[in-house]
Amino acid sequence: MDDARAKTRRARRTRRKAGSVIGLTTALALALTGLLTGGADDATAGTRAVPKHAVTGYWQNFDNGATVQKLGDVQDEYDIIAVSFADATATPGELAFTLDSAGLGGYTVDQFKADIKAKQAAGKSVILSVGGEKGAVAVSDSASATAFADSAYGLMQEYGFDGVDIDLENGLNSTYMSQALKSLAGKAGSGFVLTMAPQTIDMQSTSNEYFKTALAVKDILTVVNMQYYNSGSMLGCDGKVYRQGSVDFLTALACIQLEGGLAPSQVGIGVPASAKAAGGGYVSPSVVNQALDCLATGTSCGSFKPSKTYPDIRGAMTWSTNWDTGNGSSWSKAVGPHVHGLP
């Protein structure tokens, strides 16, 4: 989250492939290298070219004061790159995408598409993020759900995106968003990558629409990277109140998702890459690593310690790769190897 946009929204500005089917030979090769992983139930979910433990980063398709990057410049530590953001159109549910060539120093669409292919050739997934500050995409009935699925799939075919990220902070309808995502997954095939980035308030209870959506699409869901920032205090799974900016905030809130029905492989920790990237809730990379260790192995916990460990915890996410670059890539250099070294 950038300074300027965070300020204009009272620090609430949140970050916001044609889908190719992996053949049997490729799938076996990926499995041998440990790169094959799925949603909650690998027997029913499509295979994903995503590591067991993965790092997600948002790439900014605009210049907001953070370091301007081409997609090809994104640090190697990132396994999932979420392109920010898709645009809403006048048709409810429909998505569009326009590369900000002028704001990115003359970066062309052809270069962008080539960079997507290069990242994928290096084993990365590149997805399109839906939402952000101006991404008021409304999916509230069957027609808009169809428009969402059709337009998202069209953009996947046009640019080569592997899937989508749902980063809607102005509310969503679980019934129709689930319908849209299942339809999109059916079109995209088994290489589809689906991530989500809800705010902390959205994942406090399984009765919340965002949480209900995540559970409804559990069979196709890659990871939920909740935003542990711009939040304020929240309840942990033990019923106690925790303040943002601490290891306990990360672990006690992750516990709600882990015990609320998501698989450990579908839970990630989302944090700002630097103090400038959000209005509040920044923690040093070492705290992120402590939280991951606490959840995965029961070590390095703060005052909150989960009743069991979750060695399959997916990993971590940051807003953004651009802010990370401007901070010497200190976040990805510290968190990336740690995530990839989890058991």
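General observations
- Checking each residue in the range 67-108 for being of a type outside the set (A, V, I, L, M, F, W, C) and within 15 Å of L155 (Cβ to Cβ) picks out S84, D87, T89, T91, G93, E94, T98.
- Of all residues in the range 228-244 being under 20 Å from I313 (Cα atoms) and in contact with a Phe, Trp or Tyr (Cβ under 7 Å, 6 or more places away or on another chain), the one that is surrounded by the fewest Cβ atoms within 10 Å (Cβ to Cβ): D238
- Which listed residue is open to solvent by 50 Å² or more (accessible area, probe 1.4 Å), touching a helix residue (DSSP H, G or I) at 6+ places or on another chain (Cβ under 8 Å) and not charged (D, E, K, R), from Q179, Q204: Q179
- Filtered residues of the range 221-235 (kept if over 24 Å from A54 (Cβ atoms) and in contact with a helix residue (DSSP H, G or I) (Cβ under 6 Å, 6 or more places away or on another chain)): M234
- Scanning the range 309-335 for residues that are surrounded by 18 or more Cβ atoms within 10 Å (Cβ to Cβ), of a type outside the set (G, A, S) and outside any loop (DSSP other than H, G, I, E, B) returns M317, T318, W319, T321, N322, W323, D324, T325, W331, V335.
- In the range 68-116, the residue that is surrounded by the fewest Cβ atoms within 10 Å (Cβ to Cβ) out of those that are of a type outside the set (D, E) and part of a helix (DSSP H, G or I) is V109.
- Filtering L221, L253 for residues that are in a helix (DSSP H, G or I), closer than 19 Å to E169 by Cα and not basic (K, R) leaves a single hit, L253.
- Taken as a whole, the range 92-103 holds at least one residue that is among the polar types (S, T, N, Q), closer than 17 Å to N322 by Cα and more than 21 Å from the chain's Cα centre (by Cα).
- The range 131-155, residues that are closer than 12 Å to M177 by Cβ and open to solvent by less than 20 Å² (accessible area, probe 1.4 Å): G131, V137, V139, S144, A145, F148, A149, A152
- Test: G154 is at positive phi and at pLDDT 95 or above: no
- Where S286 falls short, out of the listed (1) out of contact with any Gly (no Cβ under 8 Å at 6 or more places or on another chain); (2) buried (at least 17 other Cβ atoms within 10 Å of the Cβ): (2)
The values are calculated or read from the model by the stated rules, or taken from the named source; none is laboratory data. Computed from a predicted structure; not experimentally measured. All Cβ positions, glycine included, derive from the backbone under ideal geometry; neighbour counts span all protein chains shown. What goes into the accessible areas is simple: the full protein's heavy atoms, side chains included, and nothing from ligands, DNA or RNA. Shrake-Rupley method; radii C 1.70, N 1.55, O 1.52, S 1.80 Å.
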